[in-house]
1. State whether one or more residues within region 74-85 are at pLDDT below 80, assigned to a helix (DSSP H, G or I) and more than 20 Å from Gly21 (Cα to Cα).
2. Across region 91-125, what is the number of residues that are more than 28 Å from Glu16 (Cα to Cα), modelled with pLDDT of 80 or more, in a helix (DSSP H, G or I) and open to solvent by 70 Å² or more (accessible area, probe 1.4 Å)?
3. Just wondering, is there one or more residues in region 60-73 that are within 22 Å of Ile125 (Cα to Cα), of a type in the set (D, E, K, R), at pLDDT 85 or above and not in a helix (DSSP H, G or I)?
4. I'm checking my understanding of the structure. Among residues of region 32-53 that are in a helix (DSSP H, G or I) and open to solvent by 40 Å² or more (accessible area, probe 1.4 Å), which one is nearest to Arg93 (Cα to Cα)?
5. Taking Leu29 and the conditions (1) within 21 Å of Gln85 (Cα to Cα); (2) in contact (Cβ under 8 Å) with a residue 60 or more places away in the chain; (3) open to solvent by 90 Å² or more (accessible area, probe 1.4 Å), which numbered condition does it fall short on, given that it satisfies the others?
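The values are calculated or read from the model by the stated rules, or taken from the named source; none is laboratory data. Predicted model only: the values in this text are computed from it and were never measured. Using ideal geometry, Cβ is built from the backbone for each residue, glycine included, and neighbour counts are taken over all protein chains shown. Accessible surface is based on the protein model in full, side chains and every heavy atom, while ligands, DNA and RNA are left aside. Shrake-Rupley method; radii C 1.70, N 1.55, O 1.52, S 1.80 Å.
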Amino acid sequence: MSIPTLNAAELGALTELIKLGVSRAAGALREMVGAQVALSTPGVKLERYAQAIQSYVGNNAGVLVGVRQNFSGDITGSALLVFTQAHAEELPRALVGDAEIDDAMERDAISETGNILLNGYLSTI
């Protein structure tokens, strides 16, 4: 099965929906951490999962941390949120401040943050 292509108008519309999702996700994170959250609008590209990973790895050196969420309905697919290791390590600190953080807490913080962000994007779409 081939990946569908988007014309300029469709890509623009999808990008606008993503911007709304980013705003929603930032609001949810702001409520969770009690501080202003700034998120940049991600790029929009339709590709197979394996190709997406390869593209991202090829453009970023070092360890990557990701959260994947499958979705189905009128639109079916997977959304992938990828952080550099350095950014992923910052997430728990933003959530719990200076409290002691173990590996399990770090994984949970990354997973929950990823779920909040992806839900903000996907629920908007």
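1. Within region 74-85 (the criterion being at pLDDT below 80, assigned to a helix (DSSP H, G or I) and more than 20 Å from Gly21 (Cα to Cα)), the answer is no, since none of the residues qualifies.
2. Number of matching residues: 4.
3. yes
4. Among those that are in a helix (DSSP H, G or I) and open to solvent by 40 Å² or more (accessible area, probe 1.4 Å), it is Val33.
5. Single failed check for Leu29: (3).
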